[in-house]
């Protein structure tokens, strides 16, 4: 089981370490292009989670997990060696296949561990993800400060090369479920390609002034692919994502809150890391090292563990919908104060703790609302839908935020580079804070008490 915890931690490392080093990558390739390093990873994760879990059911979870480790390690090497942003993005797409790791690890744990001990190990797997995220910012920042952001990919490749033989040696060959239907490969491909096409068109229209038929063509193609995906998932008897669940109003409202959070308040860490590391001589930022920025982020990650437990208790007493509103309001108040209180690291640390607590409260409450309004036998489909919404809109939000930061940049004195302005940060952070207010209002549109079902 320790091996499974180490494997799942890799996926978390691959995400947060890159965010910690994103200012370094943006200096090499430009901020708008660097955003694709995050976006591509999350888009592939959105599809790989469901596809990987299904393949694990059919061919054996430990086998599929081993293949994913080989592919993600290969992706790390491609990004480490890549001389252009395109190679880095290709490598990140392969790394995004790790989105299936947690579901596969849960499945293996269920097969290996006695029922009485299963809740403990499921909690351990989840806790491992949180701790990896907490220390991933520090580790990623340290590696970037040490010499180059490429060291992060070398670390990920080495990590994968270590845990792969551990998996093969310590996890026994487990049986797989009898085949039931096929794998929705088409649904898994159409969704990320459609979103990527639209984001490419939006990004290029800003960075290139909207010129060229390829830009408009990419946008139109993205819309067509998404419409095709929706129709395909609606008609398929065993879809990758059960979109029919969105016909239930509470499920729709809860997922809409998730989408708003992913576009808004969940982008705060990306903006925060950029601001903390930006040279103060540019007129904005504190000029901290990437390692120091990671340490400022650490208390908020630890506090998120406590917030998650409190949110679960509140959902049990009051239902999920008011807890969604508590989370949105706390995030809005905390992050909305950033433009007024950011002159020293201690102020920023306090704001970050409040924002992370609100964000985690929301993340814990939305699944409770969804699960309270679907039949128990559809719980897996419902959570799959919710996590896909979260990842797709987080990917879109990351690209839009980095694009907004790049658009606000003006030539600065620090090293002759262009950096986002203080006004640009203020506008973006105001939008992020307003997303919390919007969540409070949208959640009010839900119907029913949204209390968890009792058995």
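The values are calculated or read from the model by the stated rules, or taken from the named source; none is laboratory data. Predicted, not measured: the structure shown is a model, and the values here were computed from it. Here the Cβ is made from the backbone with ideal geometry for all residues, glycine too, and neighbour counts use every protein chain on show.
Computed quantities for the displayed model
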quantity	calculated
Leading residue by the ranking (farthest from residue 78 (Cα to Cα)) among those in region 90-102 that are free of Cβ contacts under 8 Å to residues at least 60 places away in the same chain and within 15 Å of the chain's Cα centre (by Cα)	100
Tally of residues being crowded, with 24+ Cβ neighbours inside 10 Å and out of contact with any strand residue (DSSP E or B) (no Cβ under 8 Å at 6 or more places or on another chain) across region 27-37	4
Subset tally (residues that are under 17 Å from residue 2 (Cβ atoms) and either part of a loop (DSSP other than H, G, I, E, B) or in contact with a strand residue (DSSP E or B) (Cβ under 9 Å, 6 or more places away or on another chain) (or both)) for region 162-173	2
Selection from region 252-298 of residues that are part of a loop (DSSP other than H, G, I, E, B) and touching a strand residue (DSSP E or B) at 6+ places or on another chain (Cβ under 6 Å)	278
Residue list for region 404-427, filter: surrounded by fewer than 20 Cβ atoms within 10 Å (Cβ to Cβ), under 25 Å from the mean Cα position of the chain (by Cα) and modelled with pLDDT of 85 or more	424, 426, 427
Enumeration of residues in region 138-161 that are without any contact (Cβ under 8 Å) to a residue 40 or more places away in the chain and within 24 Å of residue 3 (Cα to Cα)	151, 158
Residue within region 21-32 that is assigned to a loop (DSSP other than H, G, I, E, B) and out of contact with any helix residue (DSSP H, G or I) (no Cβ under 9 Å at 6 or more places or on another chain) present	no
Test result for residue 44, under 13 Å from the mean Cα position of the chain (by Cα) and either part of a helix (DSSP H, G or I) or without any contact (Cβ under 8 Å) to a residue 24 or more places away in the chain (or both)	yes
One residue from 56, 75 being surrounded by 20 or more Cβ atoms within 10 Å (Cβ to Cβ), outside the structural domain of residue 406 (by TED's automatic domain parsing) and modelled with pLDDT under 85	56
Selection count where residues are touching a residue at least 60 places away in the same chain (Cβ under 8 Å) and under 14 Å from residue 269 (Cβ atoms), scope region 296-322	4
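Yes or no, residue by residue, for (1) outside any helix (DSSP H, G or I); (2) under 19 Å from residue 256 (Cα atoms); (3) free of Cβ contacts under 8 Å to residues at least 24 places away in the same chain:
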{"position": "331", "(1), (2), (3)": "no, yes, no"}
{"position": "340", "(1), (2), (3)": "yes, no, yes"}
{"position": "343", "(1), (2), (3)": "yes, no, yes"}
{"position": "357", "(1), (2), (3)": "no, no, no"}
{"position": "366", "(1), (2), (3)": "no, yes, no"}
{"position": "382", "(1), (2), (3)": "no, yes, no"}
{"position": "392", "(1), (2), (3)": "no, yes, no"}
{"position": "397", "(1), (2), (3)": "no, yes, no"}
